[in-house]
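The values are calculated or read from the model by the stated rules, or taken from the named source; none is laboratory data. Keep in mind it's a predicted model, so treat the numbers as computed, not measured. Virtual Cβ from ideal backbone geometry, glycine too; neighbours counted across all protein chains shown. Heavy atoms of the whole protein, side chains included, go into the accessibility calculation; ligands, DNA and RNA do not. Shrake-Rupley method; radii C 1.70, N 1.55, O 1.52, S 1.80 Å.
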Amino acid sequence: MLLALAADHAEAGQALLLDGIDHKRDPKCAGNAVLAADDQALLLIAEPQLCDGDFLVRAIERRTGAELSPKIVLAMDVLDRLPISGLRADGALDIVGPKTLAISHREIQEVTKAVGLQSVRRRITQISGDWPAALNLLVRFALESDSDAFGLPDADLLRASGLYDFINQRVFPLLSPAEQDVVARASLLSRADIALLRLAAREDRSFAAAAHKLKGLISRKNAQFSINQALRVFVVEHAATEDFGKFQGKILELAEQCASKNRLHDAARLAAEAGYPERIGAYAEEHGALLIWVLCGFSDVRALVENAGPEVIEGSPVLRMMRCIVYLKMGNIHGAEIELKRLAEDPEISGSMGKEIEIVRVTLLAYGCSLARENDLELFADLLAEQSNEPAWQTFLATLSCMLNSQRGRLDRARENLSEARMHAERAGARYNLMFLHLHEAAIELAQGKPEAARRLVANARKMWRSEFPDDVGVETVFSALSASIEFAFGRLTSARHALRKSAHRMPDAEAWFDIYFAAYEPYARMYLKDHELAATLNMLAAEGTNLEARGLGRIAHLLSGLGDCLAGEALQRGEMVEHRFSADGQEENAVWSWQEQETYTLASTHLAISNRNFELAIDKLGAAKASARERGLLRSVLRYEIQLFFAQKQRGDREQAIQSLREVVVLATASRASQIISDLVGLHLGEYASGLERLRPFSEQEAQFVAHASVRKARWGISVTDLSAREAEVLSVLSDGGSDKQLARRLGITEHGVRYHLKNIFRKLEVHDRTSAIAIARQKKLIGFPNPTDSSRRT
């Protein structure tokens, strides 16, 4: 930085740079330079703590008291090394501080671009942060060494690169022994919380002093401190190698302090590092498995289990209960069932933890999607009443009641549970549960056909997750599943595809319950069908079902089978030749079905009835299901039933009734903005029946816009490969392999502008607005993978 400032003034010959070498040769050289400098001169003084400080300050005071004076810049690591407070107050000095010296993100990219591997660049940035010295040392080491060197642990990488010695010689000596010790303690925490340091002999004051000396490497935001990763690694390694026995005792002491402040994630990790995993059992027993889950979040539950080890867990019923919760949240339903059964069969444990066992049993039924007793909700209501004075218990139980009522389609009761759970969560300070309540409410909004409201709630949950619980990957799976359903409903297929990568692609080895499995798997199946043939899609669903069965999720596996029936039935409605055995044949309705099962199996069974030309049975069944769904506020299901009624009446030959059903579809779909399912299922028929729909009841402006957007004209439906130019067919084929405009242009041997020109024409002919939709239509209409009969010599 000082060299850059000197270079800016070099042409005028007015810049003078003095550093430690000059000060050691003549301690008064800086002060003499100030006294002798021209009025327009720039004096850059590095390491001023090595010069005669009193003489320098007096010289500055004399020159700055005049009307004209030189520009003086001091670069120093600790500001209290010189008596300059008065000069700073008068504005007589510019001090190059950490904000000025910190390297920007763009500069980091510029410095690291010489490093070949992205993983190495990422590691360098993660360790160095915006510290120029650390960045330069690590980049130089990367260029001089094999990339395998960056597979070393952080401490070994610091030693190999020379950064360890640099910190040890140039940075660490700036701190007193007490400050070194407290920075080491703070570096052990996942986040440096000043409240924890106050518990240990007012170490917060020592830490504040250290932060003042190492500004830029230690930064403060409210009650939290962040420590540069390179410095964090160094101080922990230094303390451990100096006196490990002493440091081990300090780690355990800090673990106890974390436990007392409900920082159980840190407490468990530190107790294990200190060699006292048995203390983790004590932390768990003191707080209780379910309350830790509700108040602290799943990441703390998981940390306690993972750091305790099998031997400690076996000796602690509470840790065993936590292990059951971990299995449950990670989709290992069989493992959770076995663990819970062992707990319940131990008389001593069931006597002391009977309430917790019953609550986890019902929770397991909900997460395992195997709620088989009609009175489970009533039993759960009794448990809820018993815990009236404990807000943490109340919010947990009310939340679970909300989940169960929502799944059963009792949405009014679910909203009552939701309000109650939110009230108790606020009282208990259960931020983790408050985050999940946003997600449960979003699931209710989706059931009621309100994806826009659901999107806002998911956004709120995502914001809380990012700021407070970023380590909980299970939460990301849940809101991604809901986002996939929402984005698919709106026809935003690219966004839906991104969300599916973080939800359906992780299942069943991820957190989910019935609402979440359905939210992910339905759009996943429909998106898969856009990219593949029906037979491949049905095979995928069958394979996924087998995987789910193996994890104890047979109910979800059966739901996927019903979803396959629906996709096969829809293909029949499009006039495709389909060989498929409907699993809905002979299936009896179950009193404890979720609303998703009710919808899926009703549609599947009526597809079967329609394919057998048993139209009256289909219409009667759909009419009854629609009335029940409307009464319960399940407008999403009402829309699906109305679409199916349209097809039953159309195939029966009752055009007027078909038009009435399709008109109701327009009303419902416009209100919900669910354009994709309309486009996929009845988009072609909207244009065919347009005049009849208008005659029955004229469209509102909003309905007319929706119909225009969701309609699929016969031009697209009947398009063939001959409707595309040879180049357009080639671009479409290459597009299906993925890549940017630049990559496509390189493969095709044309310019990026040429790629965009052809894509524009392709979108126009296919009547789509994005690449994902274009590829989906091309595969559906077999425009990809077939030779184009047009003249191959024709090029644009």
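Calculate the all-directions average of the projected area of the chain's alpha-carbon convex hull, and give it in nm².
Over all viewing directions, the chain projects a mean Cα-hull area of 45.0 nm².
Length gained on full extension, LEU117 to ASP723, computed as 0.36 nm times the residue gap minus the Cα-Cα distance: 213.7 nm.
A 1.4 Å probe, protein heavy atoms only, puts the accessible area of LYS28 near 90 Å². Around the Cα centre of the stretch 243-312, unit charges on the Cβ atoms of Lys, Arg, Asp and Glu (plus for the first two, minus for the last two) sum to a dipole of about 200 debye. Shown are THR751, THR494, whose ranking by accessible area with a 1.4 Å probe and every protein chain present, most to least, is THR751, THR494.
The angle between the Cα long axis of helix 203-213 and the main principal axis of the chain comes to about 70°, on a 0 to 90 degree scale. Computed FRET efficiency, Cβ-Cβ of ASN612 and ARG764, R0 45 Å: what is it to the nearest 0.05? So the FRET efficiency works out to roughly 0.65.
Mind checking the full-extension length gain between ARG431 and ALA453? Use 0.36 nm per residue of separation minus the Cα-Cα distance, one decimal, nm. Gain on extension, ARG431 to ALA453, equals 5.8 nm. What the stretch 251-317 shows is 37 Å² of accessible area per residue, with the surface traced by a 1.4 Å probe over protein heavy atoms. Treating r as the C-beta distance of LEU35 and ARG220 and R0 as 30 Å, the FRET efficiency rounds to 0.20. Rolling a 1.4 angstrom probe over the protein heavy atoms with all chains in place gives the stretch 596-663 an accessible area of 37 Å² per residue.
Around the Cα centre of the chain, unit charges on the Cβ atoms of Lys, Arg, Asp and Glu (plus for the first two, minus for the last two) sum to a dipole of about 2480 debye. Of the accessible area of the chain, computed with a 1.4 Å probe over protein heavy atoms only, carbon and sulfur atoms account for 49 percent. Of the residues SER661, LEU254, TYR524, the one whose Cα sits farthest toward the positive end of the charge dipole of the chain, with +1 on the Cβ of Lys and Arg and -1 on the Cβ of Asp and Glu, is SER661. Between ARG747 and GLU688, the modelled label-to-label distance comes to 3.5 nm, taking each label 7 Å out from Cα in the direction of the beta carbon. Principal axis extents of the Cα atoms in the stretch 230-317, from largest to smallest and rounded to whole angstrom, are 40, 25, 19.
Count the DSSP beta bridges whose two residues both fall in the chain, then state the antiparallel fraction as a percent rounded to the nearest 5. Mind dumping the intermediate values first?
Numbers: 6 of 18 bridges.
Percent antiparallel among DSSP bridges in the chain is about 35.
Computing FRET efficiency as 1/(1 + (r/R0)^6) for ALA624 and MET423, where r is the C-beta to C-beta distance and R0 is 60 Å, gives about 0.95.
Evaluate the stretch 283-328: find the radius of gyration of its Cα atoms, find its Kirkwood radius, and give the ratio Rg to Rh. Please report the intermediate quantities before stating the final value.
Values: Rg = 9.1 Å, Rh = 10.1 Å.
So for the stretch 283-328, dividing Rg by the Kirkwood Rh gives 0.90.
Let a ≥ b ≥ c be the square roots of the eigenvalues of the Cα gyration tensor of the stretch 240-380; is it rounded (a/c under 1.5), or, if not, prolate (a/b larger than b/c) or oblate? Show your work: numbers first, answer last.
On the way: a/c = 2.52, a/b = 2.40, b/c = 1.05.
Because a/c hits 1.5 or more and a/b exceeds b/c, the stretch 240-380 counts as prolate.
How big is the Rg/Rh ratio for the stretch 635-766, C-alpha atoms only, Rh by Kirkwood, two decimals?
Numbers: Rg = 19.0 Å, Rh = 16.9 Å.
Over the Cα atoms of the stretch 635-766, Rg/Rh equals 1.13.
Taken over the alpha carbons of the stretch 489-570 as equal point scatterers, the Debye sum produces base-10 log I(q)/I(0) values at 0.14, 0.18, 0.22, 0.23 Å⁻¹ of -0.43, -0.72, -1.08, -1.18. The calculated 222 nm mean residue ellipticity attributable to helices in the chain amounts to -21000 deg cm²/dmol, summing -39500 (n - 2.57) over DSSP H runs of n ≥ 4 and dividing by all residues.
Over 28 Å apart at the Cα level, from the set LYS341/LYS502; LYS463/LYS626; LYS626/LYS650; LYS221/LYS463, are LYS341/LYS502; LYS463/LYS626.
Need one word for the stretch 530-570: rounded, prolate or oblate. Basis is the Cα gyration tensor (sqrt eigenvalues a ≥ b ≥ c); a/c below 1.5 gives rounded, then a/b vs b/c decides.
Values: a/c = 3.59, a/b = 1.74, b/c = 2.06.
Note, shape of the stretch 530-570 comes out oblate.
Axis angle, to the nearest 10 degrees, between helix 298-308 and the longest C-alpha principal axis of the chain: 70 degrees. Angle of helix 615-631 to the longest C-alpha principal axis of the chain, folded into 0 to 90 degrees and rounded to 10: 40°.
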